[in-house]
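Just so it is clear, none of the values below were taken in a lab; they were calculated from the coordinates. All values reported here derive from a predicted model rather than from experimental measurement. Because the Cβ atoms are built from the backbone with ideal geometry, glycine has one as well, and the counts that use them run over all protein chains shown.
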Amino acid sequence: MRDYNPKEIESKWQKTWLEQGDFEPKEDTSLPKKYILSMFPYPSGSIHMGHVRNYCIGDALARYYRKNGFNVLHPIGWDAFGMPAENAAIKHKLHPKDWTYSNIDNMKKELMSLGLSFSQERELATCDEDYTHWEQKIFIDLWKAGYVYRKKAYLNWCPNDKTVLANEQVIEGKCWRCDTQVVQKEMEQYYIKITSFAQELLDDLNLLEGKWPNQVIQMQRNWIGKSSGLEFELNLKERVGEIEKIKVFTTRADTIFGVTYCALAPEHQLVQELFATLSKESQDKIKEMQNTTALDRSIAPKSGVPLGVSVIHPLSGEEIPLWVANFVLADYGCGAVMGVPAHDERDYEFAKVCGLGVKRVIEGGELPYVGEGKLIESQEFSGLDNLEAKKQIIALFEERKLGEEVTNYRLKDWGISRQRYWGTPIPLVHCKECGTLPEERLPVLLPYDVSIDGEGNPLEKHPSWKHCTCPKCGKEALRETDTMDTFMESSWYFLRYVTPKILREQKALDEGAMKYWLNVDEYIGGIEHAILHLLYARFFTKVLKKLGYVEISEPFENLLTQGMVLKNGAKMSKSKGNVVDPNSIISKYGADSARLFILFAAPPTKELEWNDDALEGAYRFIKRLWDRSKNATPCQSLPQVDTSALSKESKFARKKVYEALKKSEEIFSKKISGYPFNTLISSCMEALNALSDQDNPQVWTEGYFILLNLLEPIIPHTSYELSSELFSLKNLTPLKIDETALQSESLVIVVSVNGKKRADIEIECNASKEEILSLAKESVSKWLEGEILKEIYVPNKLVNFVLK
């Protein structure tokens, strides 16, 4: 047997698999299918250990199911649009398109060097022209169906770069690119009506119970944020311009008699009407609030500005002062809240800062008291339990037509406009005669000849691209220069994969393929995508069902959220200087060692701490597996072992081998949750050790026939090479457990004295209680001083002697 040479073996099999098309899904739809998908990467230029972990998990699943007779779709693609490409264009003087495709080529080579069993024919990049074509077609269908609209909204604006920023691009109130203070600017923005599906998105989370992590389901529920309460209007004491009243929403109608102020968002219409009448100091404070992002406002110390006007309490008739408050957001509820400081922690903090009154209306503990109790100081509702009072107060409002019970959601419509170049152009045309119309002449592609300097939208500044003719009247018109949020691309890419390449020019999604492949059986990715990406993907599936594209309601049957890869207790990052380069590991130890370590170091859902010694250990195990394969005899099928005269060591080795096979079946069939490959690998290591402690050639051959099968999803190159030489790959097929091999002739039980373990003894499985107690006494005789009060025997587990 030649020496183990991972570089030679891995390049050989990667080339063979590619040439044979081994990883392409079959056209035979009579086969059982598995759609295995890992979240696709952004083409940053090089892979990191998070990529290695994500794709090795998915690859292990794909290889197992493929080997066991399933038709497997296991695709890869590239989430290719977005700001980083424009930043790179500025920094390196490269075109975003050239930079992106160059990175894709590099990252693809790096990923394939891991032996990942991706379909090559299904690959896509979201910046491909055909992907743009069909995404724009879907957008137009959404537009025609009324799911897309345009309105003004306050957005994060960088005055220096003259561009809108997403929330994640604002760092401590400043632009992530140039460090300029970000302001809030009112601009036209396109929105998709995700709120039309809020209740459906919430209800269908019940379908995912037990299939998705509970944490993710709860995060989705919280983000959608359903709340029921009372919506009512407060009359202004004196009219301001055309405004006579303001609308308020509260979930705590039971505390309505505890209102001591009303707080408005700084963007509220009434605040704008009164702005000119306020002092310079008050105006500056309001501007500061407006120019602070929603996230920063949520964590900032409470602050406010009095408006000098009042509203009238609808039940008590009392005057309630109006304030502008930094914690009230314009796009949440009505942009106005009733302040009940005695029974709300946020309202209490604001009242204390601004010197406002506090009025208790529920009996209970220390203020602010947010628990339940009986009402006080609440007119005819005093003495009622607060939950009952809430019902009666809402009923009173509805009876007097002062307000009504409504359901609100924290979820807001999805703003998809981005004033940047590297994204999918929004396919709309603005005509002075015909208004805004969809551009049916698809695809609308980005111009290549652009200047990207970080200032403003390159499409807006382009001399000719935005000028076109109206698709209706033929007169001069202007293209929309906004591009789409990159979440649009990642919200339907998993649907696009199922359409074969030969059909992609003809249609967005192939009906027959979707009926067979959907939904995704196993979806793997980081917990950081638990809210927005998964929510948008779920929404897109539902809205496409309404439009007749798909038949499913939920895209991902099962979800696995992988843990982070850490080094020295921190997430790997260049800024922390703790990055491990996967390419150097593959070069030194081979891809199989990297795969084995990453799947053995921790269960997929747990954090993984990098360990150089463990990586060395993975390499040594594979080398030992390789070196000891010389003890196996080449054959074409699972050898029939003569068990009549096996030694104790050989029987034990067969037992460990079949225990590993059973462990594999339990893990992949989900009898054990979370795909703990580490336990399977541990079982295979134990089996190899047991095989090494015996010398029966039949047992060696049987053991290798099975172990190489079990290890193929984890260390495929080594498994294929050895399986090819020893078994002509005949072992890489479904295997059955020999239940007789799992039966033990003896077992080990614990012997304790006064509850403290003193020895282990091995007993025959059919030994009598008397024989067991006799052996147990003999094994701990030196501790049996004094009278034995009790002899406790738990069958097959332990013996305990209780002494006086």
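Once you charge only the Cβ atoms, +1 for Lys and Arg and -1 for Asp and Glu, what is the size of the charge dipole of segment 746-803 about its Cα centre, to the nearest 20 debye?
Result for segment 746-803 is approximately 280 debye, rounded to the nearest 20.
Residue by residue, what Karplus-based ³J(HN,Hα) values in Hz, rounded to whole numbers, does segment 537-546 have, using 6.51, -1.76 and 1.60 with θ = phi - 60° and x for Gly and Pro?
5, 5, 4, 4, 4, 5, 6, 5, 5, 4
If each of K472 and S584 carries a label point 7 Å out from its Cα toward its Cβ, how far apart are those two points in nm?
Those two pseudo-labels are separated by 6.2 nm.
For helix 345-354, what angle does its Cα long axis make with the longest principal axis of the chain, in degrees from 0 to 90 and rounded to 10?
The two axes meet at around 40 degrees.
On a 0 to 90 degree scale, rounded to 10, what angle separates helix 769-779 from the longest Cα axis of the chain?
Helix 769-779 sits at roughly 90 degrees to that axis.
Hey, fewest Cβ within 10 Å first, where do V550, V259 land in order?
Result, fewest neighbours first: V550, V259.
What's the extension gain from E666 to E399 if we count 0.36 nm per residue and subtract their Cα-Cα distance?
90.1 nm
For Cα pairs less than 8 Å apart in space and 6+ apart in sequence, what is the mean separation divided by the residue count of segment 726-804, i.e. the relative contact order in percent?
It comes to 30 percent, rounded to a whole number.
Give me the one-decimal nm value for the distance between modelled label points at R624 and D695, 7 Å along each residue's Cα-to-Cβ direction.
Roughly 2.0 nm, to one decimal.
Amide H to amide H, which residues 5 or more places from L729 or on other chains are under 5 Å from it, using H placed in the peptide plane?
Here the answer is S724, since their amide H atoms fall under 5 Å of that of L729.
Roughly how big is the chain's charge dipole about its Cα centre, with Cβ charges of +1 (Lys, Arg) and -1 (Asp, Glu), in debye to the nearest 20?
Result for the chain is approximately 740 debye, rounded to the nearest 20.
Using θ = phi - 60° and the Karplus curve 6.51 cos²θ - 1.76 cosθ + 1.60, what whole-Hz ³J(HN,Hα) does each residue of segment 274-285 get, with Gly and Pro shown as x?
8, 3, 5, 7, 8, 5, 4, 5, 5, 4, 5, 5
On average over all directions, what projected area in square nanometres does segment 746-803 have, based on the convex hull of its Cα atoms?
Working: hull surface 13.3 nm².
Spelled out: convex hull of the Cα atoms, projected over all directions, averaged, 3.3 nm².
Subtract the Cα-Cα distance of S382 and E363 from 0.36 nm times their separation in residues, and report this length gain in nm to one decimal.
So the chain would gain 5.8 nm between S382 and E363.
Take Q181 and Q120, extend 7 Å from each Cα along the Cα→Cβ direction, and tell me the distance between the two endpoints in nm.
5.7 nm
To two decimal places, what compactness ratio does segment 425-477 give when its Cα radius of gyration is scaled by 2.2 N^0.38 Å?
1.22
Just flag the trypsin sites (Lys or Arg not before Pro) in segment 429-491 sitting in loop per DSSP whose Cβ has no more than 15 other Cβ atoms within 10 Å. Please list the in-between numbers first.
Details: sites: K432, R441, K461, K466, K472, K475, R479; in loops: K432, R441, K466, K472, K475.
Taking segment 429-491 and a limit of 15 other Cβ atoms within 10 Å, the loop trypsin sites (Lys or Arg not before Pro) found are K432, R441, K472, K475.
Report the residues of segment 551-574 in range of a label on N106: point 7 Å along Cα→C-beta, backbone N strictly under 19 Å from it.
It comes to 573-574, nothing else.
Among R496, R346, which comes first, second and so on when ranked by fewest other beta-carbon atoms within 10 Å?
Listed from fewest to most nearby Cβ atoms, that is R346, R496.
Could you compute the FRET efficiency for S464 and E505, with r as their C-beta to C-beta distance and R0 at 45 Å, rounded to 0.05?
Details: r = 27 Å, r/R0 = 0.61.
Calculated transfer efficiency: 0.95.
Taking a temperature of 10 °C and a viscosity of 1.306 mPa s, what whole-number D in µm²/s does Stokes-Einstein yield for the chain with Rh from Kirkwood over alpha carbon pairs?
On the way: Rh = 31.6 Å.
For the chosen part, D equals 50 µm²/s.
Using the Karplus curve 6.51 cos²θ - 1.76 cosθ + 1.60 with θ = phi - 60°, what ³J(HN,Hα) values do you get for each residue of segment 174-189, in whole Hz, with x for Gly and Pro?
Per residue, the Karplus-derived 3J(HN,Hα) values read 10, 5, 5, 8, 10, 6, 7, 4, 7, 10, 9, 10, 7, 9, 6, 9 Hz.
Using amide H atoms built 1.01 Å from N in the peptide plane, name the residues 5+ places from N71, or on other chains, whose amide H lies under 5 Å from its own.
When sequence neighbours closer than 5 places are left aside, the close amide H contacts are K33, K34.
What residues qualify as long-range amide H neighbours of I362, i.e. H under 5 Å apart, gap of 5 or more or another chain, H built at 1.01 Å from N?
Long-range HN contacts for I362: I376.
Rank I715, C470, G403 by how far each Cα sits towards the positive end of the charge dipole of the chain (+1 on Lys, Arg Cβ; -1 on Asp, Glu Cβ) and give me just the farthest.
Comparing the listed Cα positions along the dipole, I715 ranks first.
For segment 572-605, which trypsin sites (Lys or Arg not before Pro) pass both filters: DSSP loop (anything but H, G, I, E, B) and at most 14 other C-beta atoms within 10 Å?
Those satisfying the criteria are K574, K576.
Treat the count of other C-beta atoms within 10 Å as a stand-in for reagent exposure and order C158, C684 from fewest to most.
Going from least to most buried by this count: C158, C684.
Report the calculated FRET efficiency for I90 and E242 (r = Cβ-Cβ distance, R0 = 45 Å), to the nearest 0.05.
With R0 = 45 Å, the Cβ-Cβ based efficiency is 0.45.
Over segment 425-477, what is the mean sequence separation of C-alpha contacts under 8 Å (at least six apart), divided by residue count, expressed as relative contact order in percent?
Relative contact order of segment 425-477: 37 percent.
Report the calculated FRET efficiency for A767 and S575 (r = Cβ-Cβ distance, R0 = 60 Å), to the nearest 0.05.
Approximately 0.40, to the nearest 0.05.
Helix 83-92 against the longest principal axis of the chain: what's the angle in degrees, Cα atoms only, rounded to the nearest 10?
90 degrees
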